[in-house]
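To start, the structure under review is shown below, and the notes come after it.
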Amino acid sequence: MTLKRKDLLTIRELEPEEIHQILDTADSMKEIGTREIKKVPALRGKTVINLFYEASTRTRTSFEIAGKWLSADVINIASTVSSMTKGESLLDTGKTLQAMRPDVVIIRHPVPGAPKLLADRLQAAIINAGDGAHEHPTQALLDLFTIRERLGRLEGLRVAIVGDISHSRVARSNIQAMRKTGIEVRVAGPATLLPRYPEQLGVQVTTDLEAAIADADVIMMLRIQRERQGPTLLPSLREYSRLFGLNVERLKKAKEGVLIMHPGPLNRGVEISPEVADGPYSLILDQVTNGLAIRMALLYLLTGGHPAER
Amino acid sequence: MPAEAAMDTRKKAQIMDATAIQRALTRVAHEIVEKNKGTADLVLIGLRSRGVDLARRLSQRLKQIDGVDVPVGALDITLYRDDLGKAGPQPTVRKTEIHFSVDKKKVILVDDVLYTGRTTRAALDGLMDLGRPRVVQLAVLVDRGHRELPIRADYVGKNVPTAKSEQVQVMLQEEDGVDGVVILNNTD
């Protein structure tokens, strides 16, 4: 069994069975991170390039560590120190990299569809590490993995996603991944930050945080993406925090033991209070650890022998 | 015979039945105790997936013989294979579950069939990444020959001369619902 594809660009294109296969592989990979010697030879001789056109700490580091634990050679390219700043187009950068024969190129880019552009033209497997407000598939996969690991299943669960839904690639990927695996999704946030066509996404929307979290098994808080918003979508962060911030008081309205997730980076005191972020039901650091397992799984699955059509 | 016999047109010969497997495992367990002068510091590590079932059965027998619980771990060697990424899709990775230290232990690797020796090579590499055993021994239910690496088993349930075109299939109650070893002839 392998992924029936060369690249991982979106959750939208994945079959539910593929999602489960990635999660199962990650489940096996996770053990490597618990060893004293964290390295297996599976990707010996493979070259992985991290091509990041946007700031990132956890995703870039996570891919780098995942690649190194699998014995791949990992090269990081950040937009501030490369030819990108000299005006080279994405496609020219891609072709230049291809000439160096990488096996995998991981790309984060502010423009939706940028990974697809590379995927169509490069032989290397392309992994989307976030393209604008479009998708962030590896984040959604690690979130599903974290939920499944903790609750033992996905089917039939209820998840509330709270915050800036319309600008969030994490929300977009997660909503699709959750719908495909039988999770009921409710999204909550200010009306200006809610998706315009929720029925297309298959989610319920509300502007009432407490209604959204009332019967949820998991609450996923999102960061306010000020870099992607126009100036007028929110009156003030303080008001946002008052209406949509998750604090201990609000949490009492949710089910006992509800799990708290956040893709990071955290804006403590804005969308989530420190007591909740660091509380007993917070999975925030599990998400980071599990990100390594998911990324190891993807690097492994996408570096199989070349299928005939490739 | 198992149900798949009907749908499989390849010629088969049964080389071990349930009783033969039981007797072989009992003998191997005694050999393990004899060679190691008891069960002190012994651990059994089965290779996914049937090697793990065999390791559990050996542990039960060692308990009957020596009254000691010999720990059993499961090793998946997929990430150590020498043919990864060469041709075709990546094989499924299963869990390595070894909840004890292998440092200074006498490790007995357990597999169902010893053939080219490549799986054993991968298992040795995988094992060494987990620690530094005092000694490593190899126990297999069937040795079918045709080694491609300088590897031999310390304990063999049954030596079976085979042709390379043949396939040896071990079936165990735990995985297959039946105990038996058959040879499939791939020449049609």
key: Residue list for region B:105-132, filter: within 14 Å of another protein chain (Cβ to nearest Cβ), in contact with a helix residue (DSSP H, G or I) (Cβ under 8 Å, 6 or more places away or on another chain) and not charged (D, E, K, R)   = B:A122, B:A123, B:G126
remark   = Pairing a residue in region A:39-58 that is at the interface with another protein chain (Cβ under 8 Å from one of its Cβ atoms) with any residue that is part of a strand (DSSP E or B), where Cβ atoms lie under 9 Å and the two sit 6 or more apart in sequence or on different chains, gives A:L43/A:D73; A:L43/A:V104; A:K46/A:D73; A:K46/A:V104
ask   = Within the set of pairs 6 or more residues apart or between chains, which connect a residue that is away from chain B (no Cβ under 13 Å) inside region A:12-32 to a residue that is of a type in the set (S, T, Y) with Cβ atoms less than 8 Å apart?
value = A:P16/A:T181; A:I19/A:T181
query = Just wondering, is there one or more residues in region A:81-102 that are within 11 Å of chain B (Cβ to nearest Cβ), at negative phi and either touching a Ser or Thr at 6+ places or on another chain (Cβ under 9 Å) or of a type outside the set (G, A, S) (or both)?
reply = no
inquiry  = I need every pair where a residue in region B:169-188 that is polar (S, T, N, Q) has its Cβ under 6 Å from the Cβ of a residue that is at pLDDT 95 or above and in a loop (DSSP other than H, G, I, E, B), sequence separation at least 6 or different chains.
reply    = B:Q173/B:D179
inquiry  = Under 6 Å between Cβ atoms, which residue pairs at least 6 apart in sequence (or on different chains) link something in region B:73-91 that is closer than 13 Å to B:R121 by Cα with a partner that is among the aliphatic types (A, V, I, L, M) and part of a loop (DSSP other than H, G, I, E, B)?
reply    = B:T78/B:V93; B:L79/A:V40; B:L79/A:A42
message = Checking the structure you have, find out if any residue of region A:213-221 is in contact with an Asp or Glu (Cβ under 8 Å, 6 or more places away or on another chain) and crowded, with 17+ Cβ neighbours inside 10 Å.
response = yes
message = Looking only at region B:152-167, filter to residues that are outside any loop (DSSP other than H, G, I, E, B) and over 13 Å from the mean Cα position of the chain (by Cα); which one of those is surrounded by the fewest Cβ atoms within 10 Å (Cβ to Cβ)?
response = B:N159
Residue match in region A:103-123 (condition: within 14 Å of chain B (Cβ to nearest Cβ), within 13 Å of A:R295 (Cβ to Cβ), of a type outside the set (S, T, N, Q) and touching a residue at least 24 places away in the same chain (Cβ under 8 Å)) = yes
request  = Please work out which one of (1) modelled with pLDDT of 95 or more; (2) surrounded by fewer than 19 Cβ atoms within 10 Å (Cβ to Cβ); (3) polar (S, T, N, Q) is the condition A:S62 fails and give its number.
outcome  = (2)
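I'd like the full set of residues that are surrounded by fewer than 16 Cβ atoms within 10 Å (Cβ to Cβ), assigned to a helix (DSSP H, G or I) and touching a residue at least 24 places away in the same chain (Cβ under 8 Å), limited to region A:272-288.
From region A:272-288, those surrounded by fewer than 16 Cβ atoms within 10 Å (Cβ to Cβ) are A:274-275, A:278-280, A:285; that's our starting set.
Now restrict to residues that are assigned to a helix (DSSP H, G or I): A:274-275, A:285.
Correct list: A:E275 only.
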remark   = Every listed condition ((1) more than 25 Å from B:V33 (Cα to Cα); (2) assigned to a loop (DSSP other than H, G, I, E, B); (3) out of contact with any Lys or Arg (no Cβ under 6 Å at 6 or more places or on another chain); (4) of a type outside the set (K, R)) holds for B:L149 save (3)
Region A:162-178 - residue that is closer than 17 Å to A:L259 by Cβ and among the β-branched types (V, I, T) and, of those, farthest from the chain's Cα centre (by Cα) = A:V162
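If only one of A:I126, A:I106, A:I147 is aliphatic (A, V, I, L, M) and in contact with a Phe, Trp or Tyr (Cβ under 7 Å, 6 or more places away or on another chain), which one is it?
Numbers: A:I126 fails: in contact with a Phe, Trp or Tyr (Cβ under 7 Å, 6 or more places away or on another chain); A:I147 fails: in contact with a Phe, Trp or Tyr (Cβ under 7 Å, 6 or more places away or on another chain).
A:I106 is the lone residue from the list that is aliphatic (A, V, I, L, M) and in contact with a Phe, Trp or Tyr (Cβ under 7 Å, 6 or more places away or on another chain).
Does A:P110 qualify as being surrounded by fewer than 18 Cβ atoms within 10 Å (Cβ to Cβ) and either under 18 Å from the mean Cα position of the chain (by Cα) or of a type outside the set (D, E) (or both)? Before the answer, list the steps.
Working: surrounded by fewer than 18 Cβ atoms within 10 Å (Cβ to Cβ): yes; either under 18 Å from the mean Cα position of the chain (by Cα) or of a type outside the set (D, E) (or both): yes.
Here the answer is yes, as A:P110 does meet what is asked.
Which is on the phi > 0 side of the Ramachandran plot and over 17 Å from the mean Cα position of the chain (by Cα), of B:G131, B:G145? Working first, answer last.
Working: B:G145 fails: over 17 Å from the mean Cα position of the chain (by Cα).
Among B:G131, B:G145, only B:G131 is on the phi > 0 side of the Ramachandran plot and over 17 Å from the mean Cα position of the chain (by Cα).
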message = Can you find, within region B:68-90, the residue that is farthest from the other protein chains (Cβ to nearest Cβ) among those that are farther than 14 Å from A:V40 by Cβ and surrounded by fewer than 18 Cβ atoms within 10 Å (Cβ to Cβ)?
response = B:V68
message = Looking at A:K6 and the list (1) more than 14 Å from chain B (Cβ to nearest Cβ); (2) among the charged types (D, E, K, R); (3) in a loop (DSSP other than H, G, I, E, B), which single condition is not satisfied?
response = (1)
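Would you call B:L138 part of a strand (DSSP E or B), without any contact (Cβ under 8 Å) to a residue 60 or more places away in the chain, away from chain A (no Cβ under 14 Å) and not β-branched (V, I, T)? Before you say what the answer is, go through the steps one by one.
Values: part of a strand (DSSP E or B): yes; without any contact (Cβ under 8 Å) to a residue 60 or more places away in the chain: yes; away from chain A (no Cβ under 14 Å): yes; not β-branched (V, I, T): yes.
Yes.
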message = With the structure loaded, tell me whether A:G304 is more than 14 Å from chain B (Cβ to nearest Cβ) and either without any contact (Cβ under 8 Å) to a residue 12 or more places away in the chain or under 28 Å from A:K30 (Cα atoms) (or both) or whether it fails that test.
response = no
ask   = Which of the residues spanning region A:245-263 are surrounded by fewer than 18 Cβ atoms within 10 Å (Cβ to Cβ) and in a loop (DSSP other than H, G, I, E, B)?
value = A:N247, A:K252, A:K253, A:K255, A:E256, A:G257
ask   = How many of the residues making up region A:136-194 are farther than 18 Å from A:L266 by Cα, acidic (D, E) and part of a helix (DSSP H, G or I)?
value = 1
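The values are calculated or read from the model by the stated rules, or taken from the named source; none is laboratory data. Since the structure is predicted, the reported quantities are computational estimates derived from the model, not experimental observations. Cβ: placed from backbone, ideal geometry, glycine included. Neighbour counts: every protein chain shown.
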